[in-house]
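The values are calculated or read from the model by the stated rules, or taken from the named source; none is laboratory data. Not measured: the values here are computed from a predicted model. Positions of Cβ are generated from backbone atoms using ideal geometry, with glycine treated the same way; all protein chains shown enter the neighbour counts. In case anyone asks, the SASA skips ligands and DNA or RNA and just uses the protein heavy atoms, side chains included. Shrake-Rupley method; radii C 1.70, N 1.55, O 1.52, S 1.80 Å.
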Amino acid sequence: MRITRTRAIIVTGLVAGSLALTACSSPAAEEPASPTAAGAIDLAAAGCPADIKIQTDWNPEAEHGHLYGLLGSDYTVDTTDKTVTGPLLASGEPTGVNVTILAGGPAVGFSQPNAQLYSDDSIFMAYVGSDEAIAHSVDLPTVGVFQPLEKDPQMIMWDPETYPDVETIADLGKTDAPIRVFPGGVYIDYFVGAGILSADQIDSTYDGSPAVFVSEAGKTAQQGFASAEPYIYKNEVPEWGKDVKYELINDAGFPKYAAMVSVRPDDVTAYADCLTALVPVMQQAEIDYYDGTTLDATNALILDLVDQYDTGWVYSQGVADFSVETQLADGIVSNGPDDTLGNFDDARVAELFDIVEPIFTAQDITIAEGLAPTDLYTNEFVDMSLGLK
């Protein structure tokens, strides 16, 4: 069984049914840009690949700002493979290597990033959720080396007019509200198993469209991303056009790291010098994005790539701006329990491990023998002095 991380494809208005994803026809991509001479940080000298390929989990979006902020103005877009390549910059200075950022979701037929990592040896890093790392510890083992999102942006939302007394997901569980979700979400299995929600509330027929939420006049609750749907439903779905309320699944008791930047286990040792130099560059790129240093230029790139990739997904400047604001306000992006951005909290990973292990056992998902929570990540490459101010 594969755990899926599917994002909604939402179009403005209630177009009939779901949107078909079509491949974009485009000219052959140019050769990747050659990196210029390295600046103060020389990733080539540190033994990094000449082209560091990073597989994301979705179309370009603000949650990926820490990656797209590694690029400057000199880059090449491949609209067939949905990738962008250019010199990898550290605070605007070349590092002697390129970076290629690979779109996920529809760009790869909704294949999981860890599956992509193992299907293509040239991919160096991939986003992997901490629950996925446990579930695939036998067939697709990975080790997280940097985590850009302190909280999973996944949430459950509801109409505050229909459910005025509901403030939390647990409150929803005390109502008879149906909750529409994509199938396969481990967090739903946990909420049902823990008695937070009841099994008869769960409707696994959600297809990413706002049609049912609107046609049911908010009587149905629904999964979504805190960094997108609240803005979209209020501003880009005219048939709804008002606020929703939500709670993050993290805040309801499912402490998943949603997008651990991960490598194959052998590469932790083989590329130790590279990762020691690279991970702090990624930390600083995230700081520069969220403190505004590279925000506007990076979001302009993200929006341009969405248009060029043309996967059928719609992403506006308004959503991008709302996403950044919400990520910071809700703690989706923040320092950990210390003053460091991007490190892993031991107790939190262990807590999730304890939550999902019996669920996977019940689902006949084999976890690697002797697997410990600390096998899923390492903080050895994180610069503990780097954090959001």
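Dipole size in debye (nearest 20) for the range 185-302 around its Cα centre, Lys and Arg Cβ +1, Asp and Glu Cβ -1? Walk me through the intermediate numbers first.
Numbers: 6 positive and 18 negative charges, 43 e Å.
For the range 185-302, the charge dipole is close to 200 debye.
Quickly rank 139-152, 319-332, 353-366, 256-269 as a protection proxy: mean count of other C-beta atoms within 10 Å, highest first.
Numbers: 139-152: 22.8, 319-332: 18.9, 353-366: 15.1, 256-269: 21.3.
Peptide ranking by packing, descending: 139-152, 256-269, 319-332, 353-366.
Amide H of ILE52 versus every other amide H placed in the peptide plane: which residues, excluding those fewer than 5 positions away on the same chain, fall under 5 Å?
ASN98, VAL99, THR100
Any idea of the accessible area per residue across the range 86-167, 1.4 Å probe, to the nearest Å²? Please report the intermediate quantities before stating the final value.
Working: 2150 Å² over 82 residues.
Each residue of the range 86-167 exposes 26 Å² on average to a 1.4 Å probe.
Given R₀ = 35 Å, what would the calculated FRET efficiency be for SER385 paired with ALA300, taking r from the Cβ atoms and rounding to 0.05? Working shown, then result.
Details: r = 30 Å, r/R0 = 0.86.
Computed FRET efficiency for SER385 and ALA300: 0.70.
Give me the one-decimal nm value for the distance between modelled label points at GLU167 and ASP42, 7 Å along each residue's Cα-to-Cβ direction.
Spacing of the two 7 Å Cα→Cβ label points: 5.8 nm.
State the antiparallel share, in %, of DSSP beta bridges confined to the chain, rounding to the nearest 5. List each step's numbers first, then the result.
Working: 24 of 37 bridges.
Antiparallel bridges make up about 65 percent of those DSSP assigns within the chain.
Run the reach check for LYS256 against lysines, Cα to Cα strictly under 23 Å, same-chain hits fewer than 8 apart removed. What comes back?
Output for LYS256: LYS151, LYS245.
Show which lysines lie in cross-link reach of LYS82 when reach means a straight Cα distance below 23 angstrom and same-chain residues fewer than eight apart are skipped.
Those lysines meeting the cut-off are LYS53.
What accessible area per residue comes out for the range 172-249, rounded to a whole number of Å², with a 1.4 Å probe?
Details: 3010 Å² over 78 residues.
Each residue of the range 172-249 exposes 39 Å² on average to a 1.4 Å probe.
Under 17 Å from the 7 Å Cα→Cβ point of ILE367, by amide nitrogen: which residues of the range 175-200?
186-191, 193-194
Before anything else, pin down the relative contact order of the chain: Cα pairs under 8 Å, at least 6 apart, normalised by residue count, whole percent.
On the way: 784 pairs, mean separation 98.2, N = 389.
Worked out over the chain, it gives 25 percent.
Report, by chain and number, residues whose modeled amide H sits under 5 Å from the one on TYR377, excluding near sequence neighbours (fewer than 5 apart, same chain).
GLY144
Would you mind telling me the share, in percent, of accessible area of the chain contributed by carbon and sulfur at probe 1.4 angstrom? Each step should come with its number before you reach the end.
Values: 7430 of 14910 Å².
Roughly 50 percent, rounded to a whole number.
May I ask for the percentage of alpha-carbon pairs in the chain that lie more than 29 Å from each other?
Details: 30972 of 75466 pairs.
Of all Cα-Cα pairs in the chain, 41 percent lie more than 29 Å apart.
Under a point spin-label approximation (7 Å from Cα along Cα-to-Cβ), what is the SER91-SER119 distance to one decimal in nm?
The modelled label-to-label distance comes out at 3.9 nm.
Which length gain, in nm to one decimal place, applies between SER316 and ASN335 when the Cα-Cα distance is subtracted from 0.36 nm times their residue separation? Don't skip to the end; give the middle numbers.
Values: separation 19, 0.36 × 19 = 6.84 nm, distance 2.73 nm.
Difference between extended and current length: 4.1 nm.
Enumerate the amide H contacts of THR95 below 5 Å, restricted to partners 5 or more residues apart or on another chain; note that Pro and chain-start residues carry no placed amide H.
GLY39, LEU88, ALA90
Can you give me the C-alpha center-to-center distance between the range 110-144 and the range 341-389, rounded to a whole angstrom?
14 Å
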